[in-house]
Amino acid sequence: MISNADSDRHGYDEEAILNDSASDVAGGSPELELAGHALAYLRSVAVHAVARLRVADHLAGGPRTAAELAELTGTDAPYLERVLHFMASLGLFAVESDGRFRLTPRGEPLRSDVPNSMRASVLTFTDEAFWAAFGRLVDAVRLGRSVFADVNGAPFFDYLNAEPEVGMRFADGMSRFSHWQDPPVAAAYDFPEKALIVDVGGGRGGLLAEVLRRNPAATGVLFDQEQVLAGGHVLDVAELRGRWRTEGGDFFDTVTPGGDVYLLKYILHDWTDDECVRLLKVCRAAMADGGRVLAIDAVLPPGGTPHFGRTLDMLMMTVLNGRERTRADFEALFNAAGLRLTRVIDTPTPCSIVEGVAA
């Protein structure tokens, strides 16, 4: 859960996940609460609608009426007003005494022009291809595998490669989802001085950029597929000049050799256990003496304890064949790859840093 802008920008409240999920049925009967859960997808489609229509951008300058927003978005005013009231009930917008709508701090990330923008992420998570797979969750449970290819004609990453526009939107959405998490994750770990840091499957390079900013003697490599790197990255700035390079390849076959730290942020959860072991073995073979691997993923707590990773786990099992994991799960992966799990570092984000060294 992304925090309210009035609180810690990079924090999230586990208990609030449950509170938010039942906020519209608080104090109601179990039957009403279940009805609220069953209809919760309407939140997703409503947030998708206001993101797609850029309503938050139109509210950046101050409150507006539903009629004004309808004129700006090319929509029907009465219908739009009903959606805006729904958004206000979720705390993303607010209604002034004169009936105009304004943006709240919780809704601020819906804007496209703010550093913490989540608009691209919202549009990614609510993309039609995702929805089609989510709707077949019961089939995924019966079959024990992702159903994404069944409904979209190709496995997830093949689908992205075949649909460049969707692939670029996905890359942007994931970059935005990671953006607000990168500073606290980079700050949570004590990187070795003068380390060569390899960001494996690093996408736009947001985490690597933050790590290099905080460690001025370090250098870095952004490693990803050529088509991903061709989409651009955030490393080419004056303050990082001369301290990074990009390298294309398939991380199941090879990664940059001689690294002191290999970053794997939101990578392992995409893949099966066997695929994760294969990737970790590639990193183990490539790393310098004394090197380490940092798997940056959700680490699930025991039992039914609330955690955003449980939501991600539902996504993984329908869209991909990956999963979110417990500490014991990560330890098993590391052991199978010739690594030893040394510690798990919590961060004020949904993900933790799982550190591994050569066994």
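General remarks:
- Sites L39 and Q225 - FRET efficiency at Förster radius 41 Å, r taken between beta-carbons, to 0.05: 0.55
- At 1.306 mPa s and 10 °C, Stokes D of segment 154-214 from Kirkwood alpha-carbon radius, µm² per second: 121 µm²/s
- Alpha-carbon Rg with Dmax, taken over segment 119-163, Å: 11.0, 33
- DSSP bridge orientation in the chain - percent antiparallel, rounded to nearest 5: 45 percent
- Burial order of peptide ranges 79-85, 239-245, 258-264 (average beta-carbon count within 10 Å, highest first): 258-264, 79-85, 239-245
- A quarter of the convex hull surface defined by the alpha-carbon atoms of segment 244-359 gives 7.5 nm² as the mean projection.
- Built amide H within the under 5 Å cut-off of S352, gap 5+: D297, A298, V299
- Simple point charges give the picture: +1 on the Cβ of Lys and Arg, -1 on the Cβ of Asp and Glu, and for the chain a dipole about the Cα centre of about 440 debye.
- Modelled FRET efficiency - R0 25 Å, D250 with R145, Cβ distances, 0.05 increments: 0.65
- P(r) tail, the chain: Cα-Cα pairs separated by more than 25 Å, 58% of all pairs.
- Label-point gap, in nm, between A154 and L72 - each point 7 angstrom along Cα→Cβ: 3.8 nm
- T311 paired with A88, simple spin-label distance in nm, labels 7 Å along Cα-to-beta-carbon: 2.4 nm
- Summarised as an ellipsoid, segment 164-261 has semi-axes of 21, 16, 12 Å, derived from the eigenvalues of the Cα gyration tensor scaled by 5 and square-rooted, with the largest first.
- Distance distribution P(r), segment 49-160, all Cα-Cα pairs, bin width 10 angstrom from 0: 14, 36, 23, 20, 7, 0 percent.
- Residue (of W180, F134, L235) at the positive-pole extreme of the chain, dipole from beta-carbon charges: L235
- Radius of gyration, Dmax [segment 89-227; alpha carbons; angstrom]: 19.3, 59
- Taking every DSSP helix (H) stretch of at least 4 residues in the chain, weighting each as -39,500 (n - 2.57) and dividing the sum by the residue count yields a mean residue ellipticity at 222 nm of -12500 deg cm²/dmol.
- In a reduced charge model with +1 at each Lys and Arg Cβ and -1 at each Asp and Glu Cβ, segment 101-253 shows a dipole moment near 580 debye about its Cα centre.
- Apportionment of accessible area to carbon and sulfur, the chain, percent (1.4 Å): 52 percent
- In loop segments of segment 112-209 as defined by DSSP, the GluC sites (Glu not before Pro) with at most 13 further C-beta atoms inside 10 Å of their C-beta are E193.
- Farthest towards the positive end of the charge dipole of the chain, among the residues T326, A154, P306, is the Cα of T326, using unit charges on the Cβ of Lys, Arg, Asp and Glu.
- Given charges at Cβ of Lys, Arg, Asp, Glu: the chain dipole, positive-most of G107, F191, L264: F191
- Fully extended contour minus Cα-Cα distance, from N116 to I345, at 0.36 nm per residue: 80.1 nm
- Segment 221-310: C-alpha gyration tensor shape, a/c 1.5 cut-off, then a/b vs b/c: prolate
- Mean accessible surface per residue for segment 131-223, computed with a 1.4 Å probe while every protein chain stays in place, in Å²: 44 Å²
- q = 0.15, 0.23, 0.25 Å⁻¹: log10 I(q)/I(0) that the Debye formula gives for segment 44-92, counting C-alpha atoms only: -0.32, -0.81, -0.97
The values are calculated or read from the model by the stated rules, or taken from the named source; none is laboratory data. Predicted model only: the values in this text are computed from it and were never measured. For neighbour counting, all protein chains shown are included, and Cβ atoms are generated from backbone atoms with ideal geometry for every residue, glycine included. Each accessible area value is taken on the protein alone, full model and side chains, heavy atoms only, with ligands, DNA and RNA left out. Shrake-Rupley method; radii C 1.70, N 1.55, O 1.52, S 1.80 Å.
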